[in-house]
Amino acid sequence: MYKVDDIIKCKVCGVENYGIFVRTSDDYTGLIHISEISSDFVRNVNDYAKVGEVIKCQVLEVNEELKQLKLTIKHLNFKEGYSREEISNLDEGFKTLKELLPKWIEEKKDEED
């Protein structure tokens, strides 16, 4: 069913010092080994995932017989939030604040006088 390099959604069902355990909606289980969490040093696995969260994972290996997956999140925006590119584009949404702030500061100064 799953193939190497597939990107799938999994629910975190356990977090240990050595990795994150997940389950798919069709009852495959998977492990994201600590070495597959980040390219940077991982001090605390709990900083990356919490039990109950749904995260995106990339399939590295599949054992169909045991319904087990070896997974990685190393090169993914694995949380269901904004990607780094999307966050960098949010500057557009702050233009109004940038334009209005000087006016608000002047109004506040006038109130104090």
query: What number of residues within the stretch 94-104 are surrounded by 10 or more Cβ atoms within 10 Å (Cβ to Cβ) and modelled with pLDDT of 70 or more?
result: 2
Selection count, the stretch 9-31, where residues are closer than 15 Å to Lys74 by Cβ, touching a Phe, Trp or Tyr at 6+ places or on another chain (Cβ under 8 Å) and among the hydrophobic types (A, V, I, L, M, F, W, C): 2
Glu61 at pLDDT 95 or above and over 15 Å from Phe78 (Cβ atoms): yes
message: Here are the criteria: (1) surrounded by 10 or more Cβ atoms within 10 Å (Cβ to Cβ); (2) over 22 Å from the mean Cα position of the chain (by Cα); (3) modelled with pLDDT under 80. Tell me which single one Lys67 does not satisfy.
response: (3)
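The values are calculated or read from the model by the stated rules, or taken from the named source; none is laboratory data. Predicted, not measured: the structure shown is a model, and the values here were computed from it. With ideal geometry, Cβ positions are generated from the backbone for all residues, glycine too; neighbour counts draw on all protein chains shown.
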